[in-house]
Number of protein chains: 2
Amino acid sequence: MRLNEDERAHDLAPLLQNGWTHDADRDAISKVYAFKNFIDAFGFMTRTAIWAEKYKHHPEWSNVWNKVDVTLTTHDHDGLTELDVKLARKMDALAG
Amino acid sequence: MRLNEDERAHDLAPLLQNGWTHDADRDAISKVYAFKNFIDAFGFMTRTAIWAEKYKHHPEWSNVWNKVDVTLTTHDHDGLTELDVKLARKMDALAG
């Protein structure tokens with residue numbers, strides 16, 4: 001189920017204050033992570049990948065050397081759900 | 001050094017017959033790989049990542065679940081070099 005108003009105020013707002021931006025058209029959130037180099041960027045992706053598979057919820061993401069550009073939304077629900085909040089929080093934690 | 005005419009005929013042509021497309025504006029090549037699922041897609045990315053680091057030459061790439069969209073070019077030379085050919089061949093081999 002898509003996030004309701006209360007959940008957006010409570011769960012989404014802190015993410016938006018932590019570098020995530022909201023695309024209202026897609027109801028998706030995006031963030032660009034920058035690391036020291038490719039090994040650190042891909043290391044972050046690898047740890048995220050295993051969590052994503054465990055959560056059964058995967059990011060749309062791209063990588064160019066030290067940068068990882070992530071977009072999260074829940075395709076089955078055409079917008080943001082608690083799964084996106086959970087994965088966003090985990091990625092922020094993994095990025096350190 | 002950017003690929004010359006002979007190298008393009010000899011090295012690039014087989015890649016273009018194997019699913020790679022050439023963007024003349026950027027002088028870059030791109031390919032979309034599709035796998036059974038996320039584990040296979042990210043497994044391919046992981047193996048590629050280690051080779052890329054070893055080659056000191058990294059792809060621009062994005063992933064959405066079972067798909068991996070790759071673009072190769074050599075930023076230092078504003079176009080395609082033998083490094084791109086080498087990495088493209090390796091990725092085709094790794095994708096199996």
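The values are calculated or read from the model by the stated rules, or taken from the named source; none is laboratory data. Quick caveat: nothing in here was measured; it's all calculated off a predicted structure. Neighbour counts are summed over all protein chains in view; Cβ atoms, including those assigned to glycine, are modelled from backbone coordinates with ideal geometry. Note: accessible area is taken over every heavy atom of the protein model, side chains too, but ligands, DNA and RNA are not part of it. Shrake-Rupley method; radii C 1.70, N 1.55, O 1.52, S 1.80 Å.
Name the residue, out of A:TRP51, A:TRP61, A:TRP65, that is within 12 Å of chain B (Cβ to nearest Cβ), in contact with an Asp or Glu (Cβ under 7 Å, 6 or more places away or on another chain) and either on the phi < 0 side of the Ramachandran plot or open to solvent by 10 Å² or more (accessible area, probe 1.4 Å) (or both). If you could, list the steps in order and put the result at the bottom.
Details: A:TRP51 fails: in contact with an Asp or Glu (Cβ under 7 Å, 6 or more places away or on another chain); A:TRP65 fails: in contact with an Asp or Glu (Cβ under 7 Å, 6 or more places away or on another chain).
Of the residues listed, the single one that is within 12 Å of chain B (Cβ to nearest Cβ), in contact with an Asp or Glu (Cβ under 7 Å, 6 or more places away or on another chain) and either on the phi < 0 side of the Ramachandran plot or open to solvent by 10 Å² or more (accessible area, probe 1.4 Å) (or both) is A:TRP61.
I want to confirm something. Restricting to the range B:68-84 and keeping residues that are open to solvent by 10 Å² or more (accessible area, probe 1.4 Å) and in a helix (DSSP H, G or I), which single residue is farthest from the other protein chains (Cβ to nearest Cβ)?
Residue satisfying both the conditions and the ranking: B:GLU82.
Condition test on B:LYS31, is it modelled with pLDDT of 95 or more and more than 15 Å from the chain's Cα centre (by Cα)? Break it down stepwise before answering.
Numbers: modelled with pLDDT of 95 or more: yes; more than 15 Å from the chain's Cα centre (by Cα): no.
No: the conditions fail for B:LYS31.
Do any residues in the range A:1-17 that are aliphatic (A, V, I, L, M) have Cβ atoms under 9 Å from those of residues that are open to solvent by 100 Å² or more (accessible area, probe 1.4 Å) and in a helix (DSSP H, G or I), where the two are at least six apart or on different chains, and which pairs are they?
From the range A:1-17, the pairs are A:LEU15/A:ARG89.
Can you say whether A:ASN18 is at pLDDT 95 or above, away from chain B (no Cβ under 12 Å) and over 21 Å from B:LYS67 (Cβ atoms), as far as the supplied structure shows?
Working: at pLDDT 95 or above: yes; away from chain B (no Cβ under 12 Å): yes; over 21 Å from B:LYS67 (Cβ atoms): yes.
Yes.
Of the residues that sit in the range B:85-96 and are surrounded by 18 or more Cβ atoms within 10 Å (Cβ to Cβ) and in contact (Cβ under 8 Å) with a residue 40 or more places away in the chain, which one is farthest from B:HIS22 (Cα to Cα)? Break it down stepwise before answering.
From the range B:85-96, those surrounded by 18 or more Cβ atoms within 10 Å (Cβ to Cβ) are B:85, B:87-88, B:91, B:95; that's our starting set.
Then drop every residue that is not in contact (Cβ under 8 Å) with a residue 40 or more places away in the chain, which leaves B:85, B:88, B:91, B:95.
Working: B:VAL85: 12, B:ALA88: 12, B:MET91: 16, B:ALA95: 20 Å.
Per the stated criteria, the residue is B:ALA95.
Could you list, in sequence order, all residues of the range A:1-47 that are assigned to a helix (DSSP H, G or I) and open to solvent by 50 Å² or more (accessible area, probe 1.4 Å)? Let's see the steps before the verdict.
Start the filter on the range A:1-47 by keeping residues that are assigned to a helix (DSSP H, G or I), which leaves A:5-16, A:38-47.
Correct list: A:GLU5, A:ASP6, A:GLU7, A:ARG8, A:ALA9, A:HIS10, A:PRO14, A:LEU16, A:ILE39, A:ASP40, A:ARG47.
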